[in-house]
Amino acid sequence: MQQKLTPYEVSVASMGQSLSNLHNREVNVFDAKKRLETAILEYENYENIIANTLGWQELDALKQQESKLSNEIGQISLAIVEQQALYVDRKRTLNNLADSIAKSIPGLSWGVFDCNITPPFHMGPMHSTTYGVLETLAGDLMGLLDSGHPENFHPGFLLHDSPREAEMSEALFWALLQVAINNPLLSIQYVVTTSTEAPKKFEDYVRVRLHTREDDGFLFKRRIGMEAKPLSL
């Protein structure tokens, strides 16, 4: 009996495998049918949108948003170009001012202003510490002379207290001050204290002469903090 049943068992197993394969194909066909139906619905939906774009509010809103963003990008790009042009023009103006200050001082041939380095004002090739101090003073003066520009936050007031104390020669010192008086139309105030007698061409700019020979020669017409005090309480 077992021998007679063996062919039937083999046939049943084969039929079971065939049924399993058919079931898998049925599942795949069903899935493909679902995807095809979805694709057909989407296609019909897009066909309706193409046929009547004005009637699709969402598409109209997206087009309006796209147009708005395109305008904003155009405005921003234009503003960037304008700012770049202003930056180039501003940098050229400052470099020209730095160059003119440097060339007006003996022994210097060029000047440059670069806000990316410290200090930003440089004149001439490598030089001594004295010229380094002069660079700082000239940089201060440059900021003063440029204080009328809307983008310059300099208050238009500058005080240099005894700049010759930095071992600056008279030729350099008066050449630096000459830069200031060459711009008489600017609304600025530049105060300089010095122990050096002013040359004749600077006489009109001398506001006060101080000395220690008597109280009248002091700035406040009296000694401050130098009153006589008793040796004991």
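The values are calculated or read from the model by the stated rules, or taken from the named source; none is laboratory data. Note that the structure is a prediction, hence the values are computed from the model and not measured. Cβ placement follows ideal geometry from the backbone for every residue including glycine, while neighbour counts extend to all protein chains displayed. These area figures cover heavy atoms from the full protein model, side chains too; ligands, DNA and RNA do not enter into them. Shrake-Rupley method; radii C 1.70, N 1.55, O 1.52, S 1.80 Å.
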Rounded accessible area of residue 131 (nearest 10 Å², 1.4 Å probe): 60
Rg [Å, one decimal], Dmax [Å, integer] - the chain, C-alpha atoms: 43.9, 147
Relative contact order computed over segment 106-206 (Cα-Cα under 8 Å; 6+ residues apart), in percent: 23
Helix 2-51 vs. the chain, principal-axis angle (Cα, 0 to 90°, nearest 10): 50
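With a 1.4 Å probe and all protein chains kept in place, how do 192, 179 rank by accessible area, largest first?
Of 192, 179, the descending order of accessible area is 192, 179.
Between residue 66 and residue 182, how high is the FRET efficiency from 1/(1 + (r/R0)^6) when r is the Cβ-Cβ distance and R₀ = 41 Å? Nearest 0.05. Intermediate values should be presented prior to the final figure.
Values: r = 57 Å, r/R0 = 1.39.
So, using R0 = 41 Å, E works out to roughly 0.10.
Note the full-extension length gain between residue 202 and residue 79 as 0.36 nm times their separation in residues minus their Cα-Cα distance, in nm to one decimal. Show your work: numbers first, answer last.
Details: separation 123, 0.36 × 123 = 44.28 nm, distance 4.65 nm.
That pair, residue 202 and residue 79, stretches by 39.6 nm at full extension.
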All aspartates and glutamates inside 18 Å of residue 200 as judged from Cα atoms, apart from same-chain residues fewer than 8 positions distant: 170
Pair residue 115, residue 194: separation of 7 Å Cα→Cβ label points (nm): 3.1
Residue 10 - accessible surface, heavy atoms, 1.4 Å probe, Å² rounded to 10: 90
Solvent exposure, largest accessible area first (probe 1.4 Å, DNA, RNA and ligands not counted), of 15, 123: 15, 123
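Evaluate the relative contact order of the chain (contact order divided by residue number), counting alpha-carbon pairs under 8 angstrom at least 6 apart; express in whole percent. Could you put the intermediate results ahead of the total?
On the way: 155 pairs, mean separation 23.2, N = 233.
10 percent.
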Exposed-site-free run, longest, the chain (rule: trypsin sites (Lys or Arg not before Pro); DSSP loop; at most 14 other C-beta within 10 Å): 1-206
Portion, in percent, of the accessible area of the chain that falls on carbon or sulfur, probe 1.4 Å: 58
C-alpha long axis of helix 57-103 to longest principal axis of the chain, angle in °: 30
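If we count GluC sites (Glu not before Pro) as exposed when they sit in a DSSP loop and have at most 14 other beta carbons within 10 Å, what is the longest stretch of the chain that avoids them all? List each step's numbers first, then the result.
Details: sites that count: 151, 167, 197, 214, 227.
In short, 1-150.
Could you sort 161, 140 by their accessible area in this structure, using a 1.4 Å probe and putting the largest first? Before the final figure, lay out the partial values.
Values: 161 115, 140 55 Å².
Output order, biggest surface exposure first: 161, 140.
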Cα long-axis angle, helix 129-145 against the chain (0 to 90 degrees, to the nearest 10): 80
Added length on full extension, which subtracts the Cα-Cα distance from 0.36 nm per residue, residue 42 to residue 6: 7.5 nm
